[in-house]
Amino acid sequence: MTTAPSPLRSGTAARQAPGAGAARGTTPGGTGRGPWLRRLTPYLFLLVPVALLLVLTYLPVANMFWYSVTDWDGLDKVKNFVGPDNYVEVFTEPDNLRVFYVSLYYFVASFVQMALALYFATILSFKVRLKNLWKGILFFPYLINGVAIGLIFLNFLKPGGGLDTVLLATGLDALVQQWTGDPDVANYSLAAVSVWRYMGLNFVMFLGAIQSIDGQIYEAAELDGANRWHQFRHIIAPSIKPILGLSFILAISGSLSVFEIPYVMTGGGNGTETFVIRTVWMAFNRGMVGLASAMAVILLIIVLLVTWVQRRVVPDEEVDLT
Amino acid sequence: MTRAVTSTFKYVSLVLASIAMLLPIGLIVFGSFKTNQEFLATNPFTLPASWTNLENYATAWTRGGMGLGFVNTFVVFAAAIVGTILIGAAAAYALDRFRFHGRRGVLNMFLLATLVPGVTTQVATFQIINALGLYNTRWALIVLFMGTDIISIYIFLQFMRSIPRSLDEAAMIEGAGHLRIFFQIILPNLKPAIATVVIIKGIGIYNEFYLPFLYLPDSDLRPVSTALFAFKGPYGSEWEIISAAVVITIIPILVLFLFLQRYIYNGFTSGATK
């Protein structure tokens, strides 16, 4: 946890260890008010947040399950129960299944992204000239609007664009191709753009984690004759394990929810259609809310399953909310 | 010897990465200053004939509605950010300072909600926004930005613990009610957390494309991102104008980044890990 410094932080945070909650259990009460009002206070403060949570997260999830077993088109007053028909259609229609396959490109790319981020985070947490400049350059793309990134790369990857010019100038003519126009190549190009866009976020997260390691540990290790690789292997890697676990979850839900870059760059054509592009098209252009909901349910189940498995494999010590 | 090699490798990799990061943006900047014929006739690496040719920028700003886009984005941002802060801080105050029935349950409900990616439920959320009569109004975005923001509740919750309870208790002895404590003690002491939330949220709202694309088709209400997307239509082949529009959307974020670098990094580390 890194927040802007505050004189209040030091000391108090340590005292409020998890589990202390029960011990300090008493409610600070208002003086001169009825006990009923005192008991009601926390509920009043939670009224709006919980209402929004229920209406905008839980109600949609519940509705989605319900829609997924109906033939609703989004407008009709009646929703006919059709049982598992939508699910059968998801699994038997290749176009519906292909979107999950497309997300594999982004999923694999996210490992490239994490590896690059980890490399740069490691070298930039030691002594480097112009450190802040490199940090800024590597992180900045993450702050750019997804539509702008899509347009930047449409310009860069179009025939005769920036990339082709670089390849021709360096004698790599053979590599020149239809970067977004060829179905065999398009998903690689788009996944690479996604690495370009999100690497900076991973980088900054890893950098924050590495910098929170006590510097004295490195010194001690160096005295024991540890080289950079040993330091990485035995000091850095273990201490950023929780953040690696989190990045893994983000990689999964991220690669399943890709939308802007393919939508802007190819409109989902050339075999680049992603889950979100397809459900938007199905639900809002074709009026197949039931089928779109069934796909969404499947996606949600995948995300929950993977998260559960990940939590079992890498227990996250940091989740304490109390 | 090995030290020199690894050090060289380190700098070579940094330079190559920087080129990969900056080149695509740089070429867009070059393009934005070229005239239409120039754009078509010259190599993408050719510098523009004139760095003062701002015509593309003028076209993008006025005819493309970028100016209006900035106003719309700002209105949504201002409303959503105030809402997020009040809601997040109120939730954190209740959850940290009171012990009440259902407290665990509410905490778990917020925790569980983080596992539901927004894109999965959007088809169903759309029906609710529609039923509330918010479709095609700014309120759709404002309500969605406020309601889906569980990360800021976490940030506030983490930070709330570091505000000493003795402050609340002292105020209580002086006869302050919970509302007064919330507004006069808790909120002012949450300032660093609020700054974090404003930065993360602000950048998120500025860049959000999916929600306005889905909920706000009205071209008068378009925020920056959908206004930029609209360039793909009428200006689809006029790359010099699209380039100028892209640069226009990047400039504010670049300026903000240069001024607030450290806070932005910190914001993202604390936002992402919670």
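The values are calculated or read from the model by the stated rules, or taken from the named source; none is laboratory data. Treat the numbers as computed from the prediction; the structure is a model and nothing was measured. Positions of Cβ are backbone-derived with ideal geometry, glycine not excepted, and every protein chain shown enters the neighbour counts.
Do we have any residue at all in the range B:192-202 that's part of a helix (DSSP H, G or I), farther than 30 Å from B:Thr120 by Cα and within 10 Å of another protein chain (Cβ to nearest Cβ)? Show your work before the answer.
Quick first cut of the range B:192-202, residues part of a helix (DSSP H, G or I) only: B:192-202.
Narrowing the set further to residues that are farther than 30 Å from B:Thr120 by Cα leaves B:192.
Now restrict to residues that are within 10 Å of another protein chain (Cβ to nearest Cβ): B:192.
Scanning the range B:192-202, I find at least one residue that is part of a helix (DSSP H, G or I), farther than 30 Å from B:Thr120 by Cα and within 10 Å of another protein chain (Cβ to nearest Cβ), so the answer is yes.
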- Message: Between a residue in the range A:138-150 that is more than 15 Å from A:Gly267 (Cα to Cα) and any residue that is assigned to a loop (DSSP other than H, G, I, E, B), which pairs come within a Cβ distance under 8 Å, given they are 6 or more apart or on different chains?
- Response: A:Asn145/B:Phe209
- Note on the structure: Filtering the range B:203-225 down to residues that are facing chain A (nearest Cβ under 8 Å), under 16 Å from B:Tyr135 (Cα atoms) and outside any loop (DSSP other than H, G, I, E, B) yields B:Tyr210, B:Leu214
- Message: What pairs come out if I take residues in the range B:16-42 that are under 16 Å from A:Trp134 (Cα atoms) and pair them with residues that are modelled with pLDDT under 90 whose C-beta lies under 9 Å away, six or more apart or interchain?
- Response: B:Leu23/A:Gly162; B:Leu23/A:Leu163; B:Leu23/A:Val166
- Item | From the options B:Gly175, B:Gly133, residue that is of a type in the set (Gly, Ala, Ser), facing another protein chain (nearest Cβ under 7 Å) and not in a helix (DSSP H, G or I) | B:Gly175
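How many of the residues in the range A:107-152 are in a helix (DSSP H, G or I) and among the polar types (S, T, N, Q)?
Looking only at that region, the number is 4.
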- Among all residue pairs at least 6 apart or on different chains, which show Cβ distances below 7 Å where the first residue, located in the range B:145-163, is farther than 29 Å from B:Pro212 by Cα and the second is modelled with pLDDT of 85 or more and β-branched (Val, Ile, Thr)? B:Ile163/B:Ile186
- Message: What's the number of the only condition in (1) surrounded by 12 or more Cβ atoms within 10 Å (Cβ to Cβ); (2) within 12 Å of chain A (Cβ to nearest Cβ) that B:Phe9 fails to meet?
- Response: (1)
- Are there any helices (runs of 4 or more DSSP H) wholly within the range A:183-253 with 1 or more residues that are more than 14 Å from chain B (Cβ to nearest Cβ) and polar (S, T, N, Q), and if so which? A:183-211, A:215-223
- Task: Please report, ordered by residue number, the helices (runs of 4 or more DSSP H) entirely within the range B:1-74 with at least 2 residues that are of a type in the set (Lys, Arg).
- Result: B:2-32
- Task: Taking the options A:Val90, A:Val82, A:Val78, name whichever one is modelled with pLDDT under 90, more than 10 Å from chain B (Cβ to nearest Cβ) and under 29 Å from the mean Cα position of the chain (by Cα).
- Result: A:Val90
- Return only the number of the condition from (1) away from chain B (no Cβ under 12 Å); (2) within 30 Å of B:Ser13 (Cβ to Cβ) that A:Leu97 does not satisfy. (2)
